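Chemist: Here's a structure for you.
The values are calculated or read from the model by the stated rules, or taken from the named source; none is laboratory data. In this text, all values refer to a predicted model and were calculated from it rather than measured experimentally. Here the Cβ positions follow ideal geometry from the backbone for every residue, glycine too, while neighbour counts run over all protein chains shown. Each accessible area value is taken on the protein alone, full model and side chains, heavy atoms only, with ligands, DNA and RNA left out. Shrake-Rupley method; radii C 1.70, N 1.55, O 1.52, S 1.80 Å.
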Amino acid sequence: MKTGGQLIVDALEANGTDRIFCVPGESYLAVLDALHDSKIRTIVCRQEGGAAMMADCQGRLTGKPGICFVTRGPGATNASAGIHIAMQDSIPVILFIGQVASHAKEREAFQEVDYKRFFGDIAKWVVEIDDAARIPEFVTRAFAVATSGRPGPVVISLPEDMLTSVVEAPAALPHTPVETRPGEAELDALEKLLNGAKRPFVILGGTRWDEEAVARMRAISEKWSLPVGCSFRRQMLFDHLHANYAGDVGIGINPKLAARIKAADVVLLIGGRMGEMPSSDYTLLKSPYPDQALVHVHADAGELGRVYRPTLAINASPSAFVEAFAKRKPAGPPSWASETAKTHAAYLEWSTPPETGPGAVQMGPIMNYLEKVLPDDAILTNGAGNYATWVHRFHRSRRFATQAAPTSGSMGYGTPAAVAAKALYPDRTVVAFAGDGCFLMNGQEFATAVQYDLPIIVIVVNNGIYGTIRMHQEREYPGRVVATDLRNPDFAALARAYGGHGETVEKTADFAPAFERARASGKPAIVEIRLDPEAITPTRTMTQIRDKA
Ligand SMILES: Cc1ncc(C[n+]2csc(CCOP(=O)(O)OP(=O)(O)O)c2C)c(N)n1
């Protein structure tokens, strides 16, 4: 006989969970009590949005569900920020919510929310468990749903009286991972298409990749001399210094790369969905009928033909697909090999940061410095804002599981993601990039880094504005500034107040010693860069944008 709370923890352990992220609530005390005696590590966070983003980051870097516990009503609505990210990014997450007791339901009781309706559009599956005896069944199923096909977030609502009830229940069994492999007929058809192609192009995206799959993809690209681009914020899928790497198929794409993709005769899209951002608003591939012959590989049959009618649809996970396709060979030496080299040369040129720009701090040399000192396995996280351009365009990603950034463009992700990444890989360098706006959306999770002794480095690029929106404002409504000016705290002092290390960078030469001191401090650190708001993009100033409007 066990309580519902004990059964939840048992089912998590049976499914391999060793860490959860939470903000406590009186609605799920029975689970917290069961965690007291379990081997699962509990990381208590400062806001549920941050906790859910940490769970997302863990799911993103490992492929296994990140687990988050929050309380009803305000806890759940706060957590929704992270659930939306996991949904858009196809990340396995399980969010448990303490729910009002059964006798109070449907009376708009204290903090009562109908989670099926609230999360209906932003979760893969939402379930409320009314009978504690069914906990093993539902939790194991949640792991299966979160990880199979197109991964995504599952929400489980736990009525308080169900959690305290004492029942006899079957022991939880681990979920059985589901693989989706391509058939020989599809591989034959792809081989034929590629052998007949003149200008093929490969785009990698989505999830269900791992280190081995990335290595296999590299070998495939070499065997077929294929140019490879990475979809928006999926840059960890291909070594940027490999001779076949073509660049980031994201926001502000290299025009040469965009032209190359448009001119391709065959596009092999593996794992991604080519949504609005990577497709440059559905212009690189036209929706619903692309000009190029599209071979779309996706683990969810529902994604095949959803936005683009593919010439060839292959229902397979990226890892199963590359494993199978690695055995195929080109009929002869690929005729496009010299083009592939040119594409990489265009990438190298595009990803070389400018030496100069407005103001006393130049981001170009700072990015150059970071490229020199950061190890290949360093993990970089970020949220949304123009500062992220510096990371996405100029950081040369080398390895899998080194990037955590929301394709949904959600601000406030970088700091909590860095906390989760450092908890997962304590020996690796973890650097969060944030704007001043972005940082203050979930900057309170810096306290979580301090509490658990997780020495992350947060680089706050402070330009005193919500820069992206100011840029759009100046372009669309020049000179009419509304709601984009920010008056900020002293971020280095804030870091120290939290018990961390703080640095302020006011000129380019300050950055390297500041970064090294931050690293050497062994504490969570904030390195604030005071950037001139004129330096709004790597190539254009705010004034130029306004004058051109
Ligand atoms: C949660 C959320 N709220 C609002 C936005 C809209 N938005 C996109 S970028 C941005 C400004 C980002 O400002 P900052 O972090 O200071 O970076 P900067 O652009 O100045 O480099 C805003 C408000 C968003 N993407 N996400």
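Chemist: Each residue of the stretch 437-450 in turn: what ³J(HN,Hα) in whole Hz from Karplus with 6.51, -1.76, 1.60 and θ = phi - 60°, glycine and Pro shown as x?
Modeler: x, 4, 4, 6, 6, 9, x, 4, 6, 4, 5, 5, 4, 5
Chemist: Here's a follow-up. Which percent of Cα pairs goes in each bin when the distances of the chain are cut into 10 angstrom slices starting at zero?
Modeler: All Cα pairs, binned at 10 Å, distribute as 4, 18, 26, 25, 18, 8, 1, 0 percent.
Chemist: Let me ask you something else. Can you give the FRET efficiency for Thr283 and Glu355, using 1/(1 + (r/R0)^6), R0 = 30 Å, r = Cβ-Cβ distance, to the nearest 0.05?
Modeler: After rounding, the FRET efficiency stands at 0.40.
Chemist: Output the Kirkwood hydrodynamic radius of the stretch 329-457, Cα pairs only, in Å rounded to one decimal.
Modeler: After inverting the pairwise mean of 1/r, the radius is 16.4 Å.
Chemist: OK, next. Can you work out the accessible area per residue across the chain, with the rest of the protein chains kept in place, probe 1.4 Å, in square angstrom?
Modeler: 39
Chemist: Next question, about the same structure. What list of ³J(HN,Hα) couplings, whole Hz, do you get for the stretch 173-184 from phi and the Karplus terms 6.51, -1.76, 1.60, once you set θ to phi - 60° and write x for glycine and proline?
Modeler: Result, rounded to whole Hz: 9, x, 6, 9, x, 10, 9, 10, 9, x, x, 4.
Chemist: Considering only protein heavy atoms, with the full assembly of protein chains and a 1.4 angstrom probe, order Ser225, Ser317 by accessible area, largest first.
Modeler: Ranked from most to least accessible, the order is Ser225, Ser317.
Chemist: Show me the ranking of peptides 208-220, 36-48, 412-424, 169-181 by mean Cβ neighbours inside 10 Å, starting with the highest.
Modeler: Packing proxy ranking, top to bottom: 412-424, 208-220, 36-48, 169-181.
Chemist: Could you pull the Cα extents of the stretch 3-67 along its three principal axes, largest to smallest, in whole Å?
Modeler: Its Cα atoms span 32, 26, 15 Å along the three principal axes.
Chemist: Also, quick follow-up: Using a Förster distance of 22 angstrom, determine the FRET efficiency expected from the C-beta separation of Arg517 and Lys372, and round it to 0.05.
Modeler: Between Arg517 and Lys372 the formula returns 0.80.
Chemist: I would also like to ask the following. Do any trypsin sites (Lys or Arg not before Pro) in the stretch 231-322 lie in a DSSP loop with no more than 15 other beta carbon atoms within 10 Å, and if so, which?
Modeler: Lys286, Arg306
Chemist: Note down the accessible area of Asp10, probe 1.4 Å, to the nearest 10 Å².
Modeler: 50
Chemist: Lysines within cross-link reach of Lys2: Cα-Cα under 22 Å, excluding same-chain residues under 8 positions apart?
Modeler: Lys39
Chemist: Which semi-axis lengths, in whole Å and largest first, follow from the square roots of five times the eigenvalues of the Cα gyration tensor of the stretch 2-167?
Modeler: Listed largest to smallest, the semi-axes of the stretch 2-167 are 21, 18, 15 Å.
Chemist: Here's a follow-up. Give me the orientation-averaged projected area of the Cα convex hull of the stretch 217-330, in nm², one decimal.
Modeler: Hull-based average projected area comes out at 6.6 nm².
Chemist: Using a cut-off of 24 Å between alpha-carbon atoms, which lysines can reach Lys192, once sequence neighbours fewer than 8 places away in the same chain are excluded?
Modeler: Answer for Lys192, where 24 Å is the Cα cut-off: Lys223, Lys262, Lys286, Lys327, Lys329, listed by chain and number.
Chemist: Determine how large the accessible area of Arg546 is when every protein chain is in place; take a 1.4 Å probe and give Å² rounded to the nearest 10.
Modeler: Looks like 80 Å² after rounding.
Chemist: The stretch 352-548: Rg/Rh from Cα coordinates, Kirkwood Rh?
Modeler: Radius of gyration over Kirkwood radius for the stretch 352-548 works out to 0.95.
Chemist: Roll a 1.4 angstrom probe over the protein heavy atoms and tell me the percent of accessible area of the chain that is carbon or sulfur.
Modeler: Ligands and nucleic acids excluded, carbon and sulfur reach 52 percent.
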